[in-house]
Structures are given as structure tokens and as C-alpha cells.
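Below you'll find the structure, written out as C-alpha cells, and then a few comments.
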Amino acid sequence: MSFTAISPKQLFDLKQANAGLELIDVRTPVEFREVHVTFARNVPLDRLDVAELTAGRDGSSQPLYVICRSGGRGKQACEKLCAAGFTNVVNIEGGTQAWDQAGLPVVRGKKAISLERQVRIAAGLLVLIGSTLGFLVDPYYIGIAAFVGAGLTFAGITDTCAMGMMLARMPWNQVAASANAGATTSCETPAAKSCCS
């Protein structure tokens, strides 16, 4: 089975015609808290439980729309959902970035460092540390830089990032229980910022 993709504008127009449209945002809770589509519900990719999602839909055959930051994680979530038997899954092209750039309504909360930037920072530090230790202490430390390079190459080829998935589980990428309780609900108006504080 495969999934389809639509633009943010198409999704916005569909939402105007169908108030019950279901959109899940598969980014981390911290990324979701920073900015999200007004009617999105946060279901992080690393915690995407297909059985729980199916049970919550009560056998609905309506499309399930998926969004992330720029489309990559949304695509992974769609593939996972299709593999589990979902027949009507739609990825939002360009993700939340494209939605926001199109001037469509979003909820803004506390700023955070994106997961993509965190991966670049961590990879850069590991390469720097490995290279420095290899030069100053023992040449075998160059292996750290080589390992990171191999990991980044693998991530680019497969469009999956083990470092990103690991960083997504770090404490600084989690939202406190009280804030997370609100973040998993949907917000219907741009003014409803209290759900993300």
C-alpha cells in the first residue's frame, strides 16, 4: 500500500470543508510546542502506536493526515501506517515549515532548537572531539569521526537518522507532563496559545 501527499494549502481548504479532519503531527513534543498547525494533534514518531491510533479512530475510513517539520518524518510515519494496514494516509508536503511559510494559521509557543540542528551540533562535536583526540592523544580516536561520517552517510541514503531518534528521547526534547497534556489536544483557533504554554 502507498500513501498520497498534498500541499498545506490543499489541507487548509479541506479543513474548511470538513471540521472533523484528523491531522497528527509526528515531531517531538518540544518542536510541537514551539509551533504547530492549529488543529494538529501531537503523536511523536518515536511513540507512534498504530494499534492505539486505530482504536482511537473507531474504524473510520476517513483520511489520516500526517505532518512533521519538513516532510521526512511524516513520510516515515505514513510508511509505518501503511505497513500496518492503514489504507487512507496522506502526508503534508513541506510539513509545518511550508504551512507556516504559506501564512496559514499556527499556534506559537516556547522556542526550541530543532531536532535537525541538534543532530548537526552533536555530529559536529563528535567529529571535532574525535579528530582532536586522534591528533593529540592516539590516532585510534579518528575512528569516532569515521563512525559519525558513516552514520551520516547511512542517514542520507536511508532517510532515517539514529542520532535524531536518540536525541528526540533526550530530556530537553520532552515536555513536562502538565504542558504535554495540553499539547496532545488539538487547538481550534490561533489565539488558543494556552494549550502550548
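Contact map, region 133-160: residues that are among the small types (Gly, Ala, Ser) paired with residues that are surrounded by 16 or more Cβ atoms within 10 Å (Cβ to Cβ) and assigned to a loop (DSSP other than H, G, I, E, B), Cβ distance under 6 Å, separation 6+ or inter-chain. Pairs shown: Ala155/Cys161.
Can you name every residue in region 8-22 that is touching a residue at least 60 places away in the same chain (Cβ under 8 Å) and within 17 Å of the chain's Cα centre (by Cα)? Listed by number, the list holds a single entry, Pro8. So, restricting to strands (runs of 3 or more DSSP E) that lie completely within region 24-69, which ones have at least 3 residues that are in contact (Cβ under 8 Å) with a residue 24 or more places away in the chain and out of contact with any Ser or Thr (no Cβ under 9 Å at 6 or more places or on another chain)? Once the strands (runs of 3 or more DSSP E) in region 24-69 are filtered for at least 3 residues that are in contact (Cβ under 8 Å) with a residue 24 or more places away in the chain and out of contact with any Ser or Thr (no Cβ under 9 Å at 6 or more places or on another chain), what remains is 64-67.
Applying the criterion of being surrounded by 18 or more Cβ atoms within 10 Å (Cβ to Cβ) and over 15 Å from Pro44 (Cα atoms) to the residues of region 65-90, the residue that is farthest from the chain's Cα centre (by Cα) is Phe86. The residue that is surrounded by the fewest Cβ atoms within 10 Å (Cβ to Cβ), among those in region 102-137 that are of a type in the set (A, V, I, L, M, F, W, C), touching a helix residue (DSSP H, G or I) at 6+ places or on another chain (Cβ under 7 Å) and assigned to a loop (DSSP other than H, G, I, E, B), is Ala102. Within region 70-88, being in contact with a helix residue (DSSP H, G or I) (Cβ under 7 Å, 6 or more places away or on another chain), in a loop (DSSP other than H, G, I, E, B) and more than 16 Å from Ala98 (Cβ to Cβ) holds for one residue alone: Ala84.
Each reported figure results from applying straightforward, stated rules to the coordinates on display, with no laboratory input. On a predicted model such as this, the values are computed, not experimentally measured, just so you know. Backbone-built Cβ (ideal geometry, glycine too); neighbour counts: all protein chains shown.
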